[in-house]
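Some notes on the structure that comes next.
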Amino acid sequence: MSATPLSIREVKVRHLRCHEEITWNCSEGLNLIIGANGSGKTTLLEAVYLMAHGRSFRQARDPFLVKRDAERFFIHGQWHRYGPMNLSVAGRRGQTTLRLQGRDVQRRKDVSESFPVLVDAPQGRKIIDGAPGERRRWLDGLVITCFQNMAIHYERYLRAVMQRSRLLRRRASSEELDVWEHQIVQYGKPIVLAREKMVAEMNLYLVEEVALTEHPLTISVTMPDYDQQAWLSRLKEKRSDDLRTGLRFGPHCDLVNIHFQKREIRSAGSRGQQKLAAIAIKMAECGLWTRYRKLIPVLLLDDCLEALDRTRQLRLLKRLQNSSAQVLMTAPEGVNIASDLNIRIQLLDAHGLCDSATSSMVSMLDDDTTEVMEEAA
Ligand SMILES: Nc1ncnc2c1ncn2[C@@H]1O[C@H](COP(=O)(O)OP(=O)(O)OP(=O)(O)O)[C@@H](O)[C@H]1O
């Protein structure tokens with residue numbers, strides 16, 4: 001079965017941050033919004049994300065989503081997934097309500113899994129520069145996306161860890177603790193194996209992105225040898241230590257690392273290298289969604305050319321152009337876009353959005369200039 005590309009055709013926004021009322025028509029393929037700082041470009045990407053997730057990618061419960069002096073915001077989107085679908089969001093301070101095809105959505109997960117939207121934004125690049133726990137949560141999210149039966153293992157593993165801690169505090173009998181320690185190992189081991197499989201697959205996709213990142217990017221999990229018998233013995237031996245410190249051994253404590261040229265990208269990578277790494281990881285995630293869920297996600301890239309020199313900007317845009325995903329991107333005024341690229345460019349100002357072929361705000365580089373630049377690089 002081939003994968004279905006997901007795309008958004010129209011977004012109507014009312015009273016979201018700086019926007020009074022605006023309509024954004026999108027095309028399949030690459031869409032770029034160009035505008036001044038603070039003109040509301042990121043807010044339009046946020047609107048798309050809000051429809052799929054019911055929350056912003058900037059901050060989970062953002063009280064400033066509603067326009068100053070307004071009561072509520074509204075977003076209505078026309079999507080294409082097999083056929084046309086309508087998704088809308090209404091929100092007031094800290095609360096959002098999602099509607100799919102005119103009906104209230106009870107389980108948000110159903111929408112976010114049917115309308116996958118992946119985002120890279122300078123404010124939220126936690127996979128690259130966040131704490132190890134952020135990367136672990138991200139990897140576990142991917143495991144559950146690809147191997148849906150793993151959700152129950154995570155749930156039961158964490159419940160067993162919590163029960164054991166409770167019983168340790170209550171000074172429960174050794175037999176009672178044995179039961180939960182067996183469950184920790186029983187549900188923990190498949191998590192370890194699924195993560196290993198996921199990391200191996202991600203790394204294969206990342207090899208394909210080496211033209212973008214220039215050096216291979218690799219993901220790894222730092223973890224002990226989870227031999228089942230040794231794991232059980234350790235849990236038993238360390239009961240009194242764990243009563244003091246909490247359980248510090250197991251898949252919930254493992255470290256997820258992203259390496260670039262054999263060093264951690266978060267400390268060793270430059271801003272441009274981190275940016276390209278983050279986008280390469282999104283492309284790999286797209287590959288996983290396509291393979292396991294038969295859906296090609298929509299990709300949101302905020303400030304997509306930030307920190308990149310011209311050669312790398314061009315390389316990135318060409319890579320995105322070859323992707324089968326719909327890509328919605330933003331960039332500030334004054335960017336240079338090669339004229340041979342197939343990108344729908346729209347300019348955003350106080351009057352709204354308008355299509356642009358050429359403009360004083362966007363310099364179009366012709367093919368010759370582009371070639372010279374590429375050769376020089
Ligand atoms: N609740 C609100 N009411 C009115 N205006 C708001 C509200 N929240 C944010 N804003 C303004 O809305 C604009 C939203 O900016 P947004 O981040 O979308 O801009 P941008 O075009 O992506 O800018 P940049 O290029 O600097 O990233 C900003 O000018 C901000 O001050």
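Tabulated values for the structure
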| read-out | value |
| --- | --- |
| Amide H within-cut-off set for M329, under 5 Å, with H built and near neighbours excluded | N31, L32, I33, L301 |
| Dimensionless Rg/Rh of the stretch 132-258 - Kirkwood Rh, Rg from C-alpha atoms | 1.05 |
| MRE, 222 nm, helices only [DSSP H, n ≥ 4, -39500 (n - 2.57), over the chain, to nearest 500] | -13000 deg cm²/dmol |
| Cα-based Rg of the chain normalised by 2.2 N^0.38 Å, two decimals | 1.11 |
| Percent of beta bridges antiparallel (DSSP, the chain, rounded to nearest 5) | 65 |
| Sorted by Cβ density within 10 Å, fewest first, the residues H351, H259 | H351, H259 |
| Mean Kyte hydropathy of 0.0 or more with a Cα span along the axis of at least 24 Å, helices from DSSP in the chain | 271-288 |
| Footprinting exposure proxy for C18, C146, C253 (fewest neighbouring C-beta atoms within 10 Å first) | C18, C253, C146 |
| Residue exposure sequence - H19, H80 - by fewest surrounding Cβ within 10 Å | H80, H19 |
| More than 17 angstrom apart: percent of Cα pairs within the stretch 35-123 | 48 |
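Every number here is computed from the coordinates shown, using simple stated rules; none is lab data. Keep in mind it's a predicted model, so treat the numbers as computed, not measured. Because the Cβ atoms are built from the backbone with ideal geometry, glycine has one as well, and the counts that use them run over all protein chains shown.
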